[in-house]
Amino acid sequence: MDSEPDVLIDEMTRLAARICDAPIALVTLLDENRQWFKSSFGIHRNETSIEQALCVHALHSTELLVIEDATQDPRSSAHPWVLGGPLLRSYAGAPLVTKNGNILGTLCVLDQRARNFTEPEKLLLSTLARQVSERFEAAHSLQDYQSKLVESHRLARLGEMGAKISHEMNTPLSIIVIRVSQIRRKLEQMLGKSPEYKDLSEDLNKIDAVITRVSKIVRGFNLFGRTNVQDPTEETDLVSLIEETLAFCRTRVWNQNVDLRVSPAEGTIFSDCRAVQVSQIILNLIINSLDAVQSIENKWIEIDVQQVGTQIEIRVTNSGPSIPPEIEARLFEPFFTTKPLGVGTGLGLCISRDLARNHPGELSYEPKNGHTSFVLRIPAQQSGTTT
């Protein structure tokens with residue numbers, strides 16, 4: 001609705017009026033609130049309220065609706081266009097039916113005289129309606145293709161940027177690894193196997209673990225433009241992975257005074273997954289949650305992981321209210337964001353969903369008790385298998 005005029009649809013509207021020898025012809029699109037005229041001939045209006053939409057009666061069937069005398073038909077006798085200008089007396093409306101069976105609106109003709117519509121007129125009106133429907137679907141397919149082309153180009157550029165970041169970071173990380181190894185040897189030479197050496201060695205082990213995780217995340221930058229890359233999966237303890245992921249954002253959680261709740265899992269939960277990708281998804285959901293609760297008095301984030309059949313469900317819920325439908329419909333669109341300019345790129349959820357589907361799995365928005373909640377589903381561990 002509210003799209004730009006279409007010359008071809010305008011031509012078919014005029015043709016319908018000529019074929020049926022009618023002074024008015026319309027292509028209408030309807031939603032729950034209004035009837036909008038995509039194309040009109042013989043009348044200078046853009047829309048009506050849904051209460052004044054005579055075409056709403058044509059949406060109950062895929063067959064042509066004909067009203068030969070509008071003053072005698074209970075569906076139209078009290079209509080403002082019948083009681084007043086333009087003094088309509090007859091109506092014929094063919095529904096616009098898509099290939100999947102959805103009815104978008106109608107191609108209709110209206111006359112100021114009560115009349116019978118001939119069979120050839122009815123047939124041609126129905127044929128034109130099918131052509132209008134095909135035109136709508138062709139235009140939608142073209143827009144979808146263009147959007148995917150733009151998305152692919154933007155993600156490719158992001159992938160190039162990620163590759164450069166990865167290249168620039170790998171060298172200093174390698175140097176740190178070498179330095180840690182040198183420090184470990186020197187400490188062993190100086191302190192031997194003393195308790196002091198043991199304490200310092202444990203600290204170095206923590207540094208090694210962090211470097212390993214950062215290295216994996218840096219390598220993960222390359223995935224942003226190449227979400228179809230099939231890296232090998234590994235047997236992963238998801239409870240431990242969540243704890244490791246929280247290390248990257250725990251300081252921000254404390255600084256914002258957010259109550260972080262991680263529901264205890266029943267036993268150990270394993271998945272054959274790409275640990276770095278799953279960690280990226282979880283981290284993105286947590287960061288989004290921190291942004292969402294920033295201005296809320298009661299701030300909390302809840303993380304729950306459980307096995308349901310052959311799948312693992314990781315749910316991240318925050319104390320923010322559920323997302324409005326108009327925003328929900330666009331959540332996973334590339335570059336769509338509700339955050340202030342310069343704060344969000346609008347890529348996090350789009351990339352996260354692609355990473356989830358790459359397992360194969362799914363990331364979906366599923367509000368819980370009136371709060372914002374996302375659920376990541378990935379395959380559970382398959383005994384003795386690694387891809």
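The values are calculated or read from the model by the stated rules, or taken from the named source; none is laboratory data. What you see is a predicted model, and the numbers here were worked out from it, not measured in a lab. Reconstructed Cβ throughout: ideal geometry from the backbone, glycine too, with neighbour counts over all protein chains shown.
Numbers at a glance
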item: Scan of segment 268-290 for residues that are without any contact (Cβ under 8 Å) to a residue 60 or more places away in the chain and under 19 Å from the mean Cα position of the chain (by Cα), ordered by number; result: Leu283, Ile286
item: Residue match in segment 349-358 (condition: buried (at least 16 other Cβ atoms within 10 Å of the Cβ), at pLDDT 80 or above and part of a loop (DSSP other than H, G, I, E, B)); result: yes
item: Verdict on Ser61 being assigned by TED's automatic domain parsing to the domain that holds Ala114 and surrounded by fewer than 20 Cβ atoms within 10 Å (Cβ to Cβ); result: yes
item: Within segment 265-292, considering residues that are under 30 Å from Thr337 (Cα atoms) and β-branched (Val, Ile, Thr), the one surrounded by the most Cβ atoms within 10 Å (Cβ to Cβ); result: Ile281
item: Which listed residue, of Asp73, Asp69, is over 21 Å from Leu125 (Cα atoms) and outside any helix (DSSP H, G or I); result: Asp73
item: Lone qualifier among Pro86, Pro80 - being surrounded by fewer than 18 Cβ atoms within 10 Å (Cβ to Cβ), closer than 16 Å to Ile43 by Cβ and either touching a strand residue (DSSP E or B) at 6+ places or on another chain (Cβ under 6 Å) or at pLDDT below 90 (or both); result: Pro86
item: Test: Leu260 is assigned to a helix (DSSP H, G or I) and modelled with pLDDT of 85 or more; result: no
item: Segment 1-26 residues that are among the acidic types (Asp, Glu), paired with ones that are surrounded by fewer than 18 Cβ atoms within 10 Å (Cβ to Cβ) (beta carbon under 8 Å, 6 or more apart); result: Asp6/Arg135; Asp6/Ala139
item: Count of segment 243-254 residues which are loosely packed, with under 14 Cβ neighbours inside 10 Å and within 23 Å of Pro321 (Cβ to Cβ); result: 1
item: Check on Ser364, surrounded by fewer than 21 Cβ atoms within 10 Å (Cβ to Cβ), assigned by TED's automatic domain parsing to the domain that holds Ile281, within 19 Å of Gln306 (Cα to Cα) and modelled with pLDDT of 90 or more; result: yes
item: Residue within segment 312-327 that is part of a loop (DSSP other than H, G, I, E, B), in contact with a Gly (Cβ under 7 Å, 6 or more places away or on another chain) and of a type outside the set (D, E, K, R) present; result: yes
item: Given (1) assigned to a loop (DSSP other than H, G, I, E, B); (2) more than 19 Å from Glu366 (Cβ to Cβ); (3) among the hydrophobic types (A, V, I, L, M, F, W, C), index of the condition Leu331 fails; result: (2)
